[in-house]
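What follows is a short report on a single structure.
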Amino acid sequence: MAVLPIRITGDPVLHTPAAPVTEFDDALHTLVDDMFETMDAAPGVGLAGPQVGVPLRLFVYGWTDDDDVVHRGVAINPVLWISPATIDELDEDAEAEGCLSFPGERFPLRRAESAILRAVDLAGEPFEVHADGWLARIFQHEFDHLDGILYVDRLDHPYGKAARKVQKKNSWGVPGLSWLPGRDHLDD
Ligand code: NI
């Protein structure tokens with residue numbers, strides 16, 4: 001197993017729709033093992049293929065809820081249904097989201113409260129997860145990665161502007177940047 005470098009915003013693989021997984025082989029198993037290790041080392045609650053430079057439709061997730069229930073798995077070739085999002089005012093703390101490809105930052109973003117994830121596992125077996133709250137948010141965030149969308153692309157004013165400033169300050173937004181969990185220490 002290996003911790004993989006995580007691509008930073010600006011790398012084309014993060015901004016391009018990924019292709020379906022077609023080969024359920026040893027290489028896929030190794031990739032998924034490495035993605036779990038990388039996510040845990042970061043640490044993060046989700047990691048999508050494009051974030052480690054692999055333009056395939058898969059993500060891993062791992063999150064423990066307030067009742068100490070661990071939600072952890074790999075979703076390959078996922079489909080996601082989401083409930084309509086509400087339009088009341090954003091809560092800057094409770095709805096603050098982050099991304100390992102926009103490291104060390106958090107900005108609030110409205111997400112759907114509920115989601116249904118349908119995907120296959122490493123054996124190619126279909127499964128379904130009904131998620132609410134933060135798990136639903138994780139699924140929406142990771143699913144977006146597979147379509148080449150970062151959460152900062154979805155921010156409303158003034159948060160979008162703040163994110164662009166951060167990007168400029170860090171000289172992100174260009175191809176070829178990455179960071180390595182365990183080697184590069186971030187501020188958050
Ligand atoms: Ni992300």
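Just so it is clear, none of the values below were taken in a lab; they were calculated from the coordinates. None of these values were measured; they are calculated from a predicted model. Heads up, the Cβs are rebuilt from the backbone with ideal geometry, glycines too, and the neighbour counts pull from every protein chain shown.
Name the single residue that is farthest from Ala18 (Cα to Cα) among those in segment 38-78 being within 11 Å of the ligand (Cβ to nearest atom) and of a type in the set (Gly, Ala, Ser).
Ala42
Residues Val60, Val54: which one is more than 25 Å from Lys161 (Cβ to Cβ), assigned to a strand (DSSP E or B) and either under 15 Å from the mean Cα position of the chain (by Cα) or not hydrophobic (A, V, I, L, M, F, W, C) (or both)?
Val60
If I ask for residues that are touching a helix residue (DSSP H, G or I) at 6+ places or on another chain (Cβ under 7 Å) and in contact (Cβ under 8 Å) with a residue 40 or more places away in the chain, which ones from segment 93-130 would you list?
Step one: list which residues in segment 93-130 are touching a helix residue (DSSP H, G or I) at 6+ places or on another chain (Cβ under 7 Å), which gives 97, 99-102, 105, 107-109, 111-115, 117, 122.
Matches in segment 93-130: Glu97, Cys99, Leu100, Ser101, Phe102, Glu105, Phe107, Pro108, Leu109, Leu117, Leu122.
Restricting attention to strands (runs of 3 or more DSSP E) lying wholly within segment 97-176, give those where 3 or more residues are within 15 Å of the ligand (Cβ to nearest atom). Can you show your working first?
Details: elements: 102-108, 114-120, 126-132.
Strands (runs of 3 or more DSSP E) meeting the threshold: 102-108.
Listed here are the residues, each with its yes/no results for (1) surrounded by 12 or more Cβ atoms within 10 Å (Cβ to Cβ); (2) touching a Pro at 6+ places or on another chain (Cβ under 8 Å).
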position	(1), (2)
Val21	yes, no
Arg57	yes, yes
Tyr61	yes, no
Leu80	yes, no
Ile87	no, no
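Quick check: is even one residue across segment 165-180 surrounded by 11 or more Cβ atoms within 10 Å (Cβ to Cβ) and under 17 Å from Val60 (Cα atoms)?
no
Would it be correct to say that Leu28 is part of a helix (DSSP H, G or I) and either over 20 Å from Gln167 (Cα atoms) or free of Cβ contacts under 8 Å to residues at least 24 places away in the same chain (or both)?
On the way: part of a helix (DSSP H, G or I): yes; either over 20 Å from Gln167 (Cα atoms) or free of Cβ contacts under 8 Å to residues at least 24 places away in the same chain (or both): yes.
Yes: the conditions hold for Leu28.
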